[in-house]
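Here the structure is laid out as structure tokens; the discussion comes afterwards.
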């Protein structure tokens with residue numbers, strides 16, 4: 001991206017947060033076991049959005065007059081021995097469109113200049129302990145007070161600005177999805193009885209490694225799809241299993257993709273699997289078709305819930321009035337999570353800022369089981385990129401608990417669930433751009449209809 005892009009973003013932020021100085025901290029390296037042996041570095045997403053530089057140990061101040069100063073560590077002459085030629089702090093400042101740069105050791109002094117003049121220092125809530133203590137030192141406050149002194153104005157301004165994706169951002173997500181599509185096609189070719197989840201995960205990630213792309217999050221590759229965030233790869237695939245894969249590559253500029261597909265290990269769905277799969281697919285397709293400005297994502301979630309409840313009633317697993325069942329939350333036994341979330345530089349975009357991203361001002365999450373996990377409920381707007389990922393899961397421990405407690409007996413056919421206890425789970429997820437008059441699915445097509453999935457697994 002051009003340096004002017006970052007300057008324009010900072011100017012817009014400055015107009016939204018008048019007064020004081022804005023401090024945006026980059027991430028530090030995180031040692032595995034000693035200082036020079038570190039985990040793979042990932043820059044703070046807000047820093048990437050407003051400065052675009054992926055380098056540890058940086059900070060950005062946007063002054064009251066709108067000018068930006070990039071703070072970092074000047075190069076040591078021996079750095080080239082270990083890291084080869086690389087951009088200097090001055091180079092990074094130029095790439096960020098910053099007017100000036102300075103040694104990070106002078107950051108505290110600059111902050112004191114602002115606070116001594118009675119100016120507020122606006123900063124975002126830290127999600128790392130390291131960041132919290134760094135802010136405490138810079139601001140001269142107790143680490144326990146850092147979170148409470150977060151700038152609400154800045155949080156709301158950043159959330160509003162980053163929610164609407166620029167054309168260049170959408171293009172980045174598309175490039176990430178192009179790699180992700182290759183990953184899924186490779187997985188569908190590779191998956192089969194006798195392989196371990198680890199072997200399939202390796203085949204899946206190989207396409208991203210070959211494209212020099214990182215994963216946006218730890219991939220889920222599992223035959224235990226009822227475990228929603230299962231990132232262990234210990235099981236062996238067997239005929240009759242369903243393999244659920246939830247992953248996504250990052251673009252070169254760190255924009256995420258997030259796709260889920262569920263496939264039969266044998267290459268063909270059983271009748272029981274097909275019945276449940278078609279329900280989830282209908283929820284996915286119809287929710288995407290309904291996605292448009294002025295509708296809320298909560299409405300889409302409830303639409304998907306009704307489709308799921310109706311489908312499960314058709315195959316004898318739910319009963320009674322569908323609308324009443326959804327209103328009561330009975331469907332959440334099978335669909336316990338939200339329909340989706342924002343997507344951007346973060347896979348769960350800006351969720352470090354809290355529910356200000358997914359809920360309107362003054363709106364709170366429902367206390368109802370299932371609906372309480374809806375990350376995004378607000379009205380959709382053109383430029384939003386969201387995931388739409390309905391699912392059906394058979395979670396034995398949850399089934400047993402609900403049945404023992406007599407939960408929603410009027411809506412759930414507990415006596416019909418025994419053949420499904422080892423079913424696992426099915427989820428189908430796409431990344432969707434909200435447009436002026438509707439929505440569009442981003443990225444190349446990735447097989448999701450029954451015949452498409454089965455055909456992809458044969459090739």
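The values are calculated or read from the model by the stated rules, or taken from the named source; none is laboratory data. If you're wondering where the values come from, they're calculated on a predicted model, not measured in any experiment. Every residue, glycine as well, gets a Cβ built from its backbone with ideal geometry; the counts of neighbours run over all protein chains shown.
From the list 333, 343, 339, the lone residue that is surrounded by 24 or more Cβ atoms within 10 Å (Cβ to Cβ) and either farther than 30 Å from residue 253 by Cα or over 20 Å from the mean Cα position of the chain (by Cα) (or both) is 333. Scan region 274-281 and tell me whether some residue there is under 24 Å from residue 231 (Cα atoms), in contact with a strand residue (DSSP E or B) (Cβ under 9 Å, 6 or more places away or on another chain) and not in a helix (DSSP H, G or I). For region 274-281, residues under 24 Å from residue 231 (Cα atoms), in contact with a strand residue (DSSP E or B) (Cβ under 9 Å, 6 or more places away or on another chain) and not in a helix (DSSP H, G or I): absent.
Results for (1) over 22 Å from the mean Cα position of the chain (by Cα); (2) under 17 Å from residue 392 (Cβ atoms); (3) surrounded by fewer than 23 Cβ atoms within 10 Å (Cβ to Cβ), shown as yes or no for each residue.
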| residue | (1), (2), (3) |
| --- | --- |
| 260 | no, yes, no |
| 266 | yes, no, yes |
| 291 | no, no, no |
| 295 | no, no, yes |
| 298 | no, no, yes |
| 304 | no, yes, no |
| 309 | yes, yes, no |
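Pairing each residue of region 419-437 that is on the phi > 0 side of the Ramachandran plot with any residue that is part of a loop (DSSP other than H, G, I, E, B), provided the two are 6+ apart or on different chains, yields C-beta distances under 8 Å for 424/223; 424/224; 424/225; 424/226; 424/241; 424/394. For region 236-262, a residue qualifies if it is under 20 Å from residue 457 (Cα atoms) and in a loop (DSSP other than H, G, I, E, B), and the qualifying residues are 237, 238, 239, 240, 241, 248. Of the residues that sit in region 99-120 and are touching a residue at least 60 places away in the same chain (Cβ under 8 Å) and either outside any helix (DSSP H, G or I) or in contact with a helix residue (DSSP H, G or I) (Cβ under 7 Å, 6 or more places away or on another chain) (or both), which one is surrounded by the most Cβ atoms within 10 Å (Cβ to Cβ)? Restricting to residues being touching a residue at least 60 places away in the same chain (Cβ under 8 Å) and either outside any helix (DSSP H, G or I) or in contact with a helix residue (DSSP H, G or I) (Cβ under 7 Å, 6 or more places away or on another chain) (or both), the top hit is 111. All told, residue 425 meets the bar of being crowded, with 16+ Cβ neighbours inside 10 Å, within 18 Å of residue 305 (Cβ to Cβ) and at pLDDT 95 or above.
Failed condition for residue 349, given (1) outside any helix (DSSP H, G or I); (2) surrounded by fewer than 20 Cβ atoms within 10 Å (Cβ to Cβ); (3) at pLDDT 95 or above, with all others met? Residue 349 satisfies all of (1) outside any helix (DSSP H, G or I); (2) surrounded by fewer than 20 Cβ atoms within 10 Å (Cβ to Cβ); (3) at pLDDT 95 or above except (2).
In region 31-49, the qualifying residues are those that are farther than 18 Å from residue 252 by Cβ and outside any loop (DSSP other than H, G, I, E, B), and the one that is modelled with the highest pLDDT is 46. Here 361, 378 are screened, and the one residue that is modelled with pLDDT under 95, under 22 Å from the mean Cα position of the chain (by Cα) and more than 30 Å from residue 269 (Cα to Cα) is 361. Exactly one residue out of 71, 41, 47 is crowded, with 22+ Cβ neighbours inside 10 Å, under 16 Å from residue 131 (Cα atoms) and out of contact with any helix residue (DSSP H, G or I) (no Cβ under 7 Å at 6 or more places or on another chain), and it is 47.
Of all the residues in region 72-97, those that are touching a residue at least 24 places away in the same chain (Cβ under 8 Å), more than 29 Å from the chain's Cα centre (by Cα) and not in a helix (DSSP H, G or I) number 3. What are the residue pairs meeting all of these: first residue in region 366-382, first residue assigned to a helix (DSSP H, G or I), second residue loosely packed, with under 15 Cβ neighbours inside 10 Å, Cβ atoms under 6 Å, and 6 or more apart or on different chains? These pairs meet every condition: 372/366. Does residue 132 meet the test of being under 28 Å from residue 347 (Cβ atoms) and touching a helix residue (DSSP H, G or I) at 6+ places or on another chain (Cβ under 7 Å)? Yes: the conditions hold for residue 132.
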